Amino acid sequence: MTGRAICFALCAFAAMLSIPAASWTGLATWLSLACSSAAFVAMALNQFLATRPRFAEPLFGGLDQIYRMHRHLGILALVLILVHFFLTPDFQGKQLASDLNKFAKNVGMAGFIGLMALIALSLIKRIPFTKIETPYHWWRLSHRLIGVFFAFIAFHQFFIKRPFAGDAWLANYLAFFAVLGVVSYLYAEFNGFFRRRKYRVVTVTRLSSATIVEARPIGRPIKVKPGQFAFLSFVKPGLREPHPFTVAGYGKDGSVRFAIKPLGDFTKRLRELAQVGDEIRVEGGYGRFTHARGGEKQVWLAGGIGITPFLAMASSLKAEDPRQILLVHCVRDDAEAVEAEKLAARDAELPNFTFRLHKSGEAGRLEAAGLKAAAPFDLNGADLWFCGPPLLRSAIAKGLSAAGVKIRRLEFERFEFR
């Protein structure tokens, strides 16, 4: 992806600029300073990516890929900071004042300890050798505090003694990323209040497999395309944390519909506490999982609650749409199906849209041969849009390849935002 290459190149460029600035200090000291410079750029880029920049989504392939890069940059920064810490720089550098240098050193140590703890908490989803997952609110709090400790590191970077003048290329380069990181942090903390749109819940339907929440805008609605997702939070205790959910439907009046499976603590509380009349905050839409980017032949394959993006995409289809589309929803039984009646109705209305409900409890696990047999068109050259368990995606992709079916593209999103 272009975005990933740009991020790594920007980090590498900091190390390159450290050669003329600090190479005279010796290999060990130069390596320590090169690692600290590259780590600083990686941390600043992470603060920028945390703002969820929509214009950058095409460079990375969607917000899910931006979050994946965010994680990789965090790991890179962690490794580089550790190298800098254990390879203590040794030189007679330039400093503004002795007391300021000592203070910058102490601030840097506080930032180092804080960042190490928060990055570790952020990266460790499950406590090792246990089944205990790090609570989401801990993870979210750690992300909000990382920006504070980044500011500590930026102060340390500016005022600690260093072997190059303030007008050196490296100094200016790091100053730019210091400003970028701090501004991005402030933007992410405060602009979220302006990005979020107010909605009022108008219906709550508790199906056996999902909670369907529909809401109408109070004022300006979000802009969302079929297949995209949004961050949803309630203005009530227990449901205030924003969580990402795919938008299952979008009305002409700006209303949105979510189909949410009660899997974790938040979604279980939502199922219990959500009521008609609740005020919610919605931020979106994000992602590039939209069939408008696809070709003339498309297979939409959903597993379980993975049907949600396809509900919105199917609702947006028109009779004159020239695309041939097959939607297969894999469930255990009828109780797990979500809005199958609406999808069957779309099948009857649209000449080029076919819907199949595959019940594994009766027909067994879906295999490539079954998918091929269900298609009313030749799968060779078709796009495969997938949302569901990774094992199902892998099995179908391998099965189609073994059967000699050449898929033009395989599209899916990784919903791993921590």
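If I go through the stretch 185-209 residue by residue, how many of them are at pLDDT 90 or above and not β-branched (Val, Ile, Thr)?
So the count comes out to 5.
Among the residues of the stretch 354-369, which ones are at pLDDT below 90, surrounded by 18 or more Cβ atoms within 10 Å (Cβ to Cβ) and within 26 Å of ALA312 (Cβ to Cβ)?
LEU366
Test of understanding: among ARG332, ARG281, which residue is modelled with pLDDT of 90 or more, out of contact with any Pro (no Cβ under 9 Å at 6 or more places or on another chain) and not acidic (Asp, Glu)?
Working: ARG281 fails: out of contact with any Pro (no Cβ under 9 Å at 6 or more places or on another chain).
Checking each option against the conditions leaves just ARG332.
Could you check the stretch 271-310 and list, in sequence order, the residues that are under 30 Å from THR354 (Cα atoms) and in a helix (DSSP H, G or I)?
Correct list: HIS291, ALA292, ARG293, GLY304, ILE305, GLY306, ILE307, THR308, PRO309, PHE310.
Using the structure shown, decide if GLY62 is on the phi > 0 side of the Ramachandran plot and surrounded by fewer than 21 Cβ atoms within 10 Å (Cβ to Cβ).
no
Mind listing whichever residues of the stretch 325-341 are touching a Ser or Thr at 6+ places or on another chain (Cβ under 8 Å) and not in a loop (DSSP other than H, G, I, E, B)?
ILE325, LEU326, LEU327, CYS330, VAL331, ALA335, GLU336, listed by residue number.
Being over 21 Å from the mean Cα position of the chain (by Cα), assigned by TED's automatic domain parsing to the domain that holds ARG393 and surrounded by fewer than 20 Cβ atoms within 10 Å (Cβ to Cβ) narrows it down to one of GLY238, GLY295, GLY251, GLY277, so name that one.
None of the others qualify; the one that does is GLY295.
Identify all residues within the stretch 342-368 that are in a loop (DSSP other than H, G, I, E, B) and either touching a residue at least 40 places away in the same chain (Cβ under 8 Å) or under 22 Å from ARG393 (Cα atoms) (or both); write none if there are none. Explain how you work it out, then say what you get.
Taking the stretch 342-368 as the starting set, the residues that turn out to be in a loop (DSSP other than H, G, I, E, B) are 350-352, 364-367.
Answer for the stretch 342-368, where residues must be in a loop (DSSP other than H, G, I, E, B) and either touching a residue at least 40 places away in the same chain (Cβ under 8 Å) or under 22 Å from ARG393 (Cα atoms) (or both): GLY364, ARG365, LEU366, GLU367.
Between ARG281, ARG269, which is closer than 30 Å to ALA188 by Cα, touching a residue at least 12 places away in the same chain (Cβ under 8 Å) and in contact with a Lys or Arg (Cβ under 7 Å, 6 or more places away or on another chain)? Break it down into steps so the answer makes sense when it comes.
Numbers: ARG269 fails: in contact with a Lys or Arg (Cβ under 7 Å, 6 or more places away or on another chain).
After ruling out the rest, the residue left standing is ARG281.
Among the residues of the stretch 65-75, is any over 27 Å from PHE229 (Cβ atoms) and either within 12 Å of the chain's Cα centre (by Cα) or part of a helix (DSSP H, G or I) (or both)?
For the stretch 65-75, residues over 27 Å from PHE229 (Cβ atoms) and either within 12 Å of the chain's Cα centre (by Cα) or part of a helix (DSSP H, G or I) (or both): absent.
Say whether the condition of being within 18 Å of ALA151 (Cα to Cα) and in a helix (DSSP H, G or I) is met by at least one residue in the stretch 49-56.
Taking every residue of the stretch 49-56 in turn, at least one turns out to be within 18 Å of ALA151 (Cα to Cα) and in a helix (DSSP H, G or I).
Tally up the residues in the stretch 14-47 that are free of Cβ contacts under 8 Å to residues at least 40 places away in the same chain and either touching a strand residue (DSSP E or B) at 6+ places or on another chain (Cβ under 6 Å) or within 23 Å of HIS143 (Cβ to Cβ) (or both), please. Break it down stepwise before answering.
So the first thing to find is which residues in the stretch 14-47 are free of Cβ contacts under 8 Å to residues at least 40 places away in the same chain, and the list is 15-16, 19, 23, 27, 30, 34, 42.
Within this subset, residues satisfying the condition of being either touching a strand residue (DSSP E or B) at 6+ places or on another chain (Cβ under 6 Å) or within 23 Å of HIS143 (Cβ to Cβ) (or both) are 42.
The total comes to 1.
How many residues, within the stretch 373-397, are surrounded by fewer than 18 Cβ atoms within 10 Å (Cβ to Cβ), touching a residue at least 24 places away in the same chain (Cβ under 8 Å) and not small (Gly, Ala, Ser)?
So the count comes out to 5.
Which pairs do you get when a residue that is under 23 Å from SER37 (Cα atoms) and surrounded by fewer than 19 Cβ atoms within 10 Å (Cβ to Cβ), found in the stretch 137-156, comes within reach of a residue that is modelled with pLDDT of 80 or more and of a type in the set (Val, Ile, Thr), reach meaning Cβ atoms under 8 angstrom, with the pair 6+ apart or on two chains?
ALA151/VAL182
Go through THR88, THR51 for me and flag whichever is β-branched (Val, Ile, Thr), within 19 Å of PHE158 (Cα to Cα) and surrounded by fewer than 21 Cβ atoms within 10 Å (Cβ to Cβ).
Of the residues listed, the single one that is β-branched (Val, Ile, Thr), within 19 Å of PHE158 (Cα to Cα) and surrounded by fewer than 21 Cβ atoms within 10 Å (Cβ to Cβ) is THR88.
The values are calculated or read from the model by the stated rules, or taken from the named source; none is laboratory data. Since the model is a prediction, treat every value here as computed from it, not as a measurement. Every residue, glycine as well, gets a Cβ built from its backbone with ideal geometry; the counts of neighbours run over all protein chains shown.
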